[in-house]
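Trainee: Below is the structure I would like to discuss, written out as structure tokens.
The values are calculated or read from the model by the stated rules, or taken from the named source; none is laboratory data. Predicted, not measured: the structure shown is a model, and the values here were computed from it. FYI the Cβ positions are ideal-geometry reconstructions off the backbone, even for glycines, and counts take in every protein chain you see.
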């Protein structure tokens with residue numbers, strides 16, 4: 001089975017593409033850089049979105065919707081913001097097509113040129129803060145705790161499905177606060193929400209930290225992040241939460257009267273995760289047989305495959321038993337499918353659901369029923385057990401939780417073993433070129449050194465972990481004094 | 001209260017705008033034609049979306065996501081399709097900005113011009129059918145039952161919040177079938193889903209029908225629709241379901257091998273409803289005091305307003321009772337808020353929740369508690385009753401259903417009284433200019449007559465109702481023979 005998949009060892013990058021395409025998650029579209037998210041991939045995104053949305057609402061946020069387009073001049077209002085996004089903007093310049101007078105279909109109507117070009121949003125700080133100006137007069141209007149689920153576009157020449165595409169889906173929270181302290185607390189709170197989501201639902205251990213100035217979001221005072229580790233030893237930024245200070249409030253002149261009637265600029269945060277998380281999910285857990293889905297967000301948690309023989313009566317018994325199991329599992333809120341499609345054989349189905357990463361497979365044959373058992377296979381460990389039909393739904397329900405926990409533990413062990421403390425440049429380079437992973441090293445705190453290291457090794461500072469231990473040391477490249485280790489890695 | 005709202009009689013159009021803006025549903029953005037959907041409006045849309053999404057899934061559909069952009073040449077592949085949409089296309093021509101060498105911010109980088117311009121999707125038939133070509137080889141791949149929730153852009157010069165905006169949110173179902181019969185059955189099934197949603201959730205009676213050739217979707221063989229009536233006597237198309245024949249399959253060369261290995265073109269449908277439904281909801285139910293929300297989709301179903309006096313002990317008792325009620329109502333799945341904000345007075349709150357259309361308001365004062373009652377007000381009829389606190393949650397739960405039913409019945413009575421059979425041109429014109437509503441009249445079946453009537457009266461044929469009675473008659477304009485009445489109206 002699955003012998004048409006590339007293995008991780010053979011070609012990690014091709015293995016990833018195989019899983020996305022053959023696993024039915026997504027494919028490239030005819031539009032350069034844009035992907036089609038297929039039903040199975042979108043069902044995964046829906047599950048992730050629903051959990052996150054609930055967590056946002058439980059922390060007091062509401063959803064809203066802001067325009068897809070941003071006037072070009074708005075982008076320029078915050079200097080470092082436009083610097084960060086100008087090179088990847090899709091620009092709308094016209095609003096009408098017309099018939100080509102020379103025949104040959106339609107052409108852009110030159111008379112329908114916009115006075116000011118519109119940018120397809122790469123992120124929405126500017127359009128949202130221009131809107132908040134109308135919403136905020138006094139401290140009574142604060143805080144504003146708003147989130148948006150949306151598509152955004154950042155033009156990319158080299159794209160990879162989920163990891164880097166011109167258009168992607170995401171959520172972007174944009175909050176407004178009366179004080180700096182409150183805004184920072186919000187930034188940290190949302191980072192915690194992301195970390196909790198990654199660990200409890202995606203079974204993905206993450207390191208919480210702060211970005212260096214080089215890696216900060218364009219327009220932020222501080223960017224907090226969660227960093228995850230992929231099986232090839234490369235890091236992946238899985239979510240960011242930005243403390244924006246008063247930068248956007250100043251750019252869009254958003255002030256409020258405080259309780260003492262002093263007029264102040266408003267404090268801001270923004271935070272987002274995207275369909276990129278699906279890429280992280282795949283690369284953290286999957287194996288050479290295909291995807292491995294964490295049960296809590298798996299589109300399908302259990303599949304029941306009948307093993308028919310030629311006996312019609314036996315077949316009926318299997319169907320009846322399967323129907324009963326489906327009913328019982330659904331009553332427990334478990335997403336289950338009975339695949340009784342006659343056009344494919346059980347072996348083909350086994351491989352197919354392995355490829356798709358369905359956490360639990362139940363096979364039901366005539367002999368099994370006679371013995372009052374079913375064969376239960378778990379995807380994470382690829383083990384099978386013959387399990388009594390009595391109490392099978394409880395067994396499966398517990399097994400799903402066990403798989404979730406096991407996936408997390410495996411990923412955590414791997415991640416922890418992939419953090420290497422190094423104190424010399426030789427070790428630094430050999431670790432990166434060898435086992436990879438996070439390299440905890442001293443750094444002199446300058447952007448120049450950071451740039452030089454990136455140039456020499458392709459490794460970047462993924463983050464300065466929160467609650468980092470203070471420790472005197474010498475920068476791994478320059479030997480200049482340092483007070484703490486930071487985490488370097490090559491990254492997606 | 002609400003004396004700052006325009007009344008319907010004064011200026012219906014201004015009344016509508018007032019409700020959208022002051023009711024906190026949406027506002028115009030700085031981007032021409034694009035709206036900001038505010039949290040209260042978006043919560044309404046979320047409720048509508050969640051119900052519809054469930055109905056789609058129960059009828060076997062899955063969600064997916066297709067690119068925002070469509071290559072210009074794709075749009076042209078189906079001749080009538082491009083004809084219908086060319087004049088309202090937002091066109092992306094460049095993919096990068098750069099610093100203005102003359103200073104003054106950023107300009108579009110002329111060197112970053114796309115080889116082929118991209119259209120921001122006005123609807124997705126073309127990009128989806130170009131994708132389906134890769135998904136469909138044999139009858140085993142059919143049917144494909146896919147839906148997408150997305151933003152679309154149709155450039156508009158004159159816009160109205162929710163009713164007509166350049167960007168709007170919608171869902172678009174796109175299905176592929178092996179036979180014509182199956183595709184037509186799907187088209188009709190989804191029309192029924194829309195009608196059921198409108199009637200059971202929006203409390204909006206609709207007429208199911210078929211569009212004339214003039215009013216058909218660009219690229220469809222037949223457009224089915226649901227038509228609703230607004231309080232000013234104008235009709236509003238609330239949803240459409242299109243039988244697309246083999247038009248898009250031919251345009252994108254999508255064929256399949258049937259069971260006998262004959263190669264055939266695939267049959268298609270598409271169907272959609274949009275944030276326009278929110279406009280319909282407002283205009284069908286609201287009154288001069290503000291919005292009136294149908295309970296089943298109201299963002300907030302019940303608000304509890306405390307009437308405090310200066311007695312701290314009494315205040316505590318009110319707060320305790322309110323907390324208990326909130327808990328009990330939430331346990332029944334009811335969306336409830338206790339508004340104990342001290343900065344506004346009860347009278348202001350009453351007006352505010354009336355404006356926002358919250359179906360049920362509970363006022364709790366010290367005297368009420370002593371008498372073991374609460375004052376329960378219903379928004380639809382603007383009546384108040386003193387109700388025992390014993391069993392109040394059951395009472396409120398039933399009241400919400402009663403309000404839902406009452407709103408539907410009122411709208412149905414109004415709609416039924418607004419269908420006028422006319423047999424002469426004089427009656428036709430005087431009905432349109434007088435009471436408005438639907439005019440059931442004979443029509444000779446020609447596009448010329450339809451165009452002429454539209455030009456003379458601004459009335460269009462809203463639909464030929466399904467299961468229409470056959471009746472011999474004479475066209476109301478030309479006197480030519482006709483076999484059935486059709487429904488004319490002025491429309492949004």
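Trainee: Considering A:330, A:367, A:356, A:361, which residue is out of contact with any strand residue (DSSP E or B) (no Cβ under 7 Å at 6 or more places or on another chain) and not assigned by TED's automatic domain parsing to the domain that holds residue A:23?
Mentor: A:367
Trainee: Go through the residues of the range A:393-410 one by one and say whether even a single one is on the phi > 0 side of the Ramachandran plot and not assigned by TED's automatic domain parsing to the domain that holds residue A:336.
Mentor: No, that holds for no residue.
Trainee: For the range B:397-428, enumerate the residues that are touching a residue at least 24 places away in the same chain (Cβ under 8 Å), closer than 30 Å to residue B:476 by Cα and touching a helix residue (DSSP H, G or I) at 6+ places or on another chain (Cβ under 6 Å).
Mentor: B:411, B:422
Trainee: Whether any residue in the range B:110-125 is more than 26 Å from residue B:36 (Cα to Cα), more than 10 Å from every other protein chain (Cβ to nearest Cβ), buried (at least 16 other Cβ atoms within 10 Å of the Cβ) and modelled with pLDDT of 95 or more is what I want to check.
Mentor: Looking through the range B:110-125, at least one residue is more than 26 Å from residue B:36 (Cα to Cα), more than 10 Å from every other protein chain (Cβ to nearest Cβ), buried (at least 16 other Cβ atoms within 10 Å of the Cβ) and modelled with pLDDT of 95 or more.
Trainee: Out of B:190, B:202, B:157, report the one residue that is in the same structural domain as residue B:36 (by TED's automatic domain parsing), at pLDDT below 95 and not in a strand (DSSP E or B).
Mentor: B:157
Trainee: Could I ask something else about it? Could you grab me the full set of residues in the range B:32-43 that are under 21 Å from residue A:173 (Cβ atoms) and out of contact with any helix residue (DSSP H, G or I) (no Cβ under 6 Å at 6 or more places or on another chain)?
Mentor: B:34, B:35, B:37, B:38, B:39, B:40, B:41, B:42, B:43
Trainee: Just one of the numbered conditions (1) closer than 20 Å to residue A:398 by Cβ; (2) in contact with a helix residue (DSSP H, G or I) (Cβ under 6 Å, 6 or more places away or on another chain) is not true of residue A:334; which one?
Mentor: (2)
Let's see how each residue does on (1) surrounded by fewer than 16 Cβ atoms within 10 Å (Cβ to Cβ); (2) touching a strand residue (DSSP E or B) at 6+ places or on another chain (Cβ under 6 Å):
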{"site": "A:268", "(1), (2)": "no, yes"}
{"site": "A:276", "(1), (2)": "no, no"}
{"site": "A:314", "(1), (2)": "no, no"}
{"site": "A:338", "(1), (2)": "no, yes"}
{"site": "A:343", "(1), (2)": "yes, no"}
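Trainee: Continuing with the same structure: Give the number of residues within the range A:136-163 that are in contact (Cβ under 8 Å) with a residue 12 or more places away in the chain, more than 8 Å from chain B (Cβ to nearest Cβ) and in contact with a strand residue (DSSP E or B) (Cβ under 9 Å, 6 or more places away or on another chain).
Mentor: 19
Trainee: Still on this model: Between A:299, A:306, which is touching a helix residue (DSSP H, G or I) at 6+ places or on another chain (Cβ under 9 Å) and within 14 Å of chain B (Cβ to nearest Cβ)?
Mentor: A:299
Trainee: Going by the conditions given, is residue B:215 modelled with pLDDT under 95 and out of contact with any helix residue (DSSP H, G or I) (no Cβ under 7 Å at 6 or more places or on another chain)?
Mentor: yes
Trainee: Hey, does the range A:460-481 have a residue that's surrounded by fewer than 20 Cβ atoms within 10 Å (Cβ to Cβ), modelled with pLDDT of 95 or more and in a helix (DSSP H, G or I)?
Mentor: no
Trainee: Filter the range A:164-183 down to the residues that are assigned to a helix (DSSP H, G or I) and touching a residue at least 60 places away in the same chain (Cβ under 8 Å) and list them by number.
Mentor: The answer is A:180, A:182, A:183.
Trainee: Moving to a separate point now. Please work out if residue A:218 is closer than 27 Å to residue A:77 by Cβ, assigned to a loop (DSSP other than H, G, I, E, B) and over 14 Å from the mean Cα position of the chain (by Cα).
Mentor: yes
Trainee: Looking at the range A:114-143, which of its residues are in a helix (DSSP H, G or I) and more than 13 Å from residue A:78 (Cβ to Cβ)?
Mentor: A:131, A:132, A:133, A:134, A:135, A:139, A:140, A:141
Trainee: So residue B:214 fits all but one of (1) more than 25 Å from residue B:259 (Cβ to Cβ); (2) surrounded by fewer than 19 Cβ atoms within 10 Å (Cβ to Cβ); (3) touching a residue at least 40 places away in the same chain (Cβ under 8 Å); (4) touching a strand residue (DSSP E or B) at 6+ places or on another chain (Cβ under 7 Å); what number is the exception?
Mentor: (4)
Trainee: Let me ask you something else. Taking the stated definitions as given, is residue A:52 modelled with pLDDT of 95 or more and under 27 Å from residue A:220 (Cα atoms)?
Mentor: Answer is yes for this residue.
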